[in-house]
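Data block below; observations after.
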Amino acid sequence: MKKLMAANWKMYKLAAEAGATASALAGKLDGRLPRDREVLVIPPFTALAATAKALAGQPGFSLGGQNFYPSKQGAFTGEIAPEMLLDAGCRYALAGHSERRHILGEDDVLVGRKTAFGLTCGLSMILCVGEKVEERQAGQVEAVLTRQLAAGLADVPADVSPDALAIAYEPVWAIGTGLTAGPAEVAEAHRVVRAFLVERFRPGGAKIRILYGGSVKPGNAGELLGIDNVDGVLVGGASLEAESFAAIVTA
Ligand code: PGA
């Protein structure tokens with residue numbers, strides 16, 4: 001399976017800026033995208049169309065949505081449905097990003113509903129998990145990851161295709177802070193996630209990709225990607241500029 005190199009643009013970029021960054025990224029990676037890597041761009045909803053247009057026909061690139069509400073359609077003011085993301089050209093969507101858990105108040109149960117519902121709609125889901133700094137200090141990393149994985153994957157069928165599901169390990173204290181988990185911390189967390197996946201999705205769990213996220217930069221991406229069970233990265237700040245994200249993709 002290719003390594004998944006994901007750019008999470010969060011609540012940044014107007015449509016024109018997103019289109020320009022996506023075009024610049026495609027230009028920089030033209031003929032230079034390593035064969036074992038796949039690029040995923042996850043812009044805000046209002047920039048999906050412009051980003052899709054800029055990436056149209058670019059092999060190795062796909063588009064994702066940052067969030068959706070787990071219902072086909074309905075009276076959910078301010079929300080967006082999985083089918084709308086698919087209609088906008090998305091193949092992937094995130095669930096359980098720490099900013100949605102900790103700023104927008106999403107709990108494990110809602111994250112689990114999103115993950116399962118997105119899959120039934122045909123999206124490939126990236127379930128994000130990760131501990132807060134106080135949980136790490138209290139020695140609870142494994143317990144937190146196991147709880148978030150159990151709830152987040154509760155209704156995912158045991159025979160889910162490894163193409164349709166990825167996990168992103170993003171320690172909350174490393175997101176947007178400039179602090180990156182050290183290689184031993186990343187290796188240990190990814191080992192915990194892998195063990196859970198193998199147990200839960202036998203035998204496909206060995207193939208489900210586990211991404212690392214949290215202050216990934218051109219200077220640390222190569223080392224992170226060399227760690228066992230790191231099958232890609234989910235990048236926020238350093239993905240906003242085509243040049244730095246292209247450097248990460250080729251690291
Ligand atoms: P960061 O964000 O790279 O800015 O730390 C990562 C993420 O939130 O996915």
How do Tyr12, Tyr92 rank when sorted from fewest to most other Cβ atoms within 10 Å of their own Cβ? Tyr12, Tyr92
Please list 151-162, 121-132 highest first by mean number of surrounding beta-carbon atoms within 10 Å per residue. 121-132, 151-162
Ignoring everything except DSSP H segments at least 4 long, calculate the 222 nm mean residue ellipticity for the chain; use -39,500 (n - 2.57) per segment, divide by total residues, nearest 500. -11500 deg cm²/dmol
Of the residues Ala56, Ala75, Ala206, which exhibits the maximal mean-square fluctuation in a Gaussian network model of the chain defined by a 10 Å Cα contact cut-off? Ala75
Span-like helix ranges in the chain, DSSP H, alpha carbon extent 27 angstrom or more, Kyte mean at least -0.5: none
Tell me the relative contact order for segment 147-251 as a rounded percent, counting alpha carbon contacts under 8 Å between residues six or more apart. 29
Taking amide hydrogens as modeled 1.01 Å from N in the peptide plane, which residues meet the under 5 Å criterion relative to Val41, leaving out close sequence neighbours? Ala7, Ser62, Leu63, Gly64
Coil-residue GluC sites (Glu not before Pro) of segment 12-94, DSSP, other Cβ within 10 Å capped at 16: Glu79
Averaging sequence separations of C-alpha pairs under 8 Å and six or more residues apart, then dividing by the length of segment 3-249, give the relative contact order as a whole percent. 20
Where does each of 235-241, 165-171 land if you order them by average Cβ count within 10 Å, highest first? 165-171, 235-241
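None of the figures in this text is laboratory data; all of them are computed from the coordinates on show. Everything numeric here is computed off the predicted structure, so don't read it as measured data. Every residue, glycine as well, gets a Cβ built from its backbone with ideal geometry; the counts of neighbours run over all protein chains shown.
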